[in-house]
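Here's the structure we're looking at; comments come further down.
The values are calculated or read from the model by the stated rules, or taken from the named source; none is laboratory data. Because the structure is predicted, anything quoted here is derived from the model rather than measured. Neighbour counts are summed over all protein chains in view; Cβ atoms, including those assigned to glycine, are modelled from backbone coordinates with ideal geometry. What goes into the accessible areas is simple: the full protein's heavy atoms, side chains included, and nothing from ligands, DNA or RNA. Shrake-Rupley method; radii C 1.70, N 1.55, O 1.52, S 1.80 Å.
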Amino acid sequence: MDVLQAITERRSINFFEPGIELADEKIKELIELAKLAPSSMNLQPWRIVVVKDSERKKVLRKCAFDQPKAEEASAVLIMIADPGSLEGSIGTVLQSWVDLGYMKPEMVATYKGMAGSLYGTADSLRRKFFAVKNTSILAMNIMIAARGLGLQTHPMDGFDEDCIKKEFNIPPDKIIPMLITVGYLRSGITLLPRAYRKSFEDFVTFNSF
Ligand SMILES: Cc1cc2nc3c(=O)[nH]c(=O)nc-3n(C[C@H](O)[C@H](O)[C@H](O)COP(=O)(O)O)c2cc1C
């Protein structure tokens, strides 16, 4: 399937076929594709917890205001934005740029300083935006790649973040921008037509707001 078809066909699926296992290899294939997403300075400030176990999905459903898809989908990805990961990853990222010829070693210190001024300190609001923005791009890539692989998805932000953090051992400084349910459309379900979208003119202007 080409990317335009995957974008056009992607829908938020409410009714997943329950009881279908998604192989770990399939989930790996999906995430390996999606992780080619761009990120600010290639810093990839994200984590994902994959929930496949049926008992754990029941817990997730409870945290997600009892939305059945959290339990019925084959897997649920807890998308985690990690504001504090920059300090741990910037060295590796910059070294890879040096190794691959993107930049000279003497530029490393300048880039480190630039990241500090662009993305703030680990506990700042700017850093949280940085982490959430990039994790959301990864999430979109997952949804499009999933369609390309014949899977269906549903992004969800209807959940109690504290409940998920507590139940899935996610440290308090992390942010969960959304969950993504992944699986297959339940047989016999016909999707309603694509939901309303704003017209191009409603939100696009050229050259000035
Ligand atoms: C970040 C985000 C969070 C969402 N959270 C929920 C949710 O908790 N429950 C739900 O039923 N739909 C949720 N949706 C799905 C939207 O309602 C859906 O994307 C929108 O109606 C457009 O439909 P489509 O994705 O099929 O084109 C969410 C979508 C996004 C992008």
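Some notes on this structure:
- Residue within region 122-129 that is of a type in the set (Ser, Thr, Tyr) and open to solvent by 60 Å² or more (accessible area, probe 1.4 Å) present: no
- Matching residues, region 1-29, being acidic (Asp, Glu), in a helix (DSSP H, G or I) and surrounded by 12 or more Cβ atoms within 10 Å (Cβ to Cβ): Glu9, Glu29
- Taking first residues from region 59-71 that are within 14 Å of Pro18 (Cβ to Cβ) and partners that are near the ligand (Cβ under 10 Å from one of its atoms) and of a type in the set (Ser, Thr, Tyr), the Cβ contacts under 7 Å between residues at least 6 apart in sequence or on separate chains come to Lys69/Thr181; Ala70/Thr181.
- Remark: pairs (first residue in region 3-23, more than 16 Å from the ligand (Cβ to nearest atom); second residue open to solvent by 70 Å² or more (accessible area, probe 1.4 Å); Cβ separation under 6 Å; 6+ apart in sequence or on different chains) = Glu17/Tyr184; Ile20/Tyr184.
- In the set Tyr102, Tyr111, only one residue is open to solvent by 50 Å² or more (accessible area, probe 1.4 Å), over 20 Å from Ser136 (Cβ atoms), outside any helix (DSSP H, G or I) and of a type outside the set (Asp, Glu); that residue is Tyr102.
- Residue satisfying all of: in region 125-136; touching a residue at least 24 places away in the same chain (Cβ under 8 Å) and out of contact with any Ser or Thr (no Cβ under 7 Å at 6 or more places or on another chain); nearest to the ligand (Cβ to nearest atom) among these: Ser136
- When Ile180 is tested against (1) buried (at least 19 other Cβ atoms within 10 Å of the Cβ); (2) within 11 Å of the ligand (Cβ to nearest atom); (3) part of a helix (DSSP H, G or I), exactly one condition is not met: (3).
- Glu32 passes every criterion in (1) assigned to a loop (DSSP other than H, G, I, E, B); (2) open to solvent by 60 Å² or more (accessible area, probe 1.4 Å) apart from (1).
- Residue in region 147-165 that is basic (Lys, Arg), more than 16 Å from the ligand (Cβ to nearest atom), open to solvent by 70 Å² or more (accessible area, probe 1.4 Å) and free of Cβ contacts under 8 Å to residues at least 24 places away in the same chain present: no
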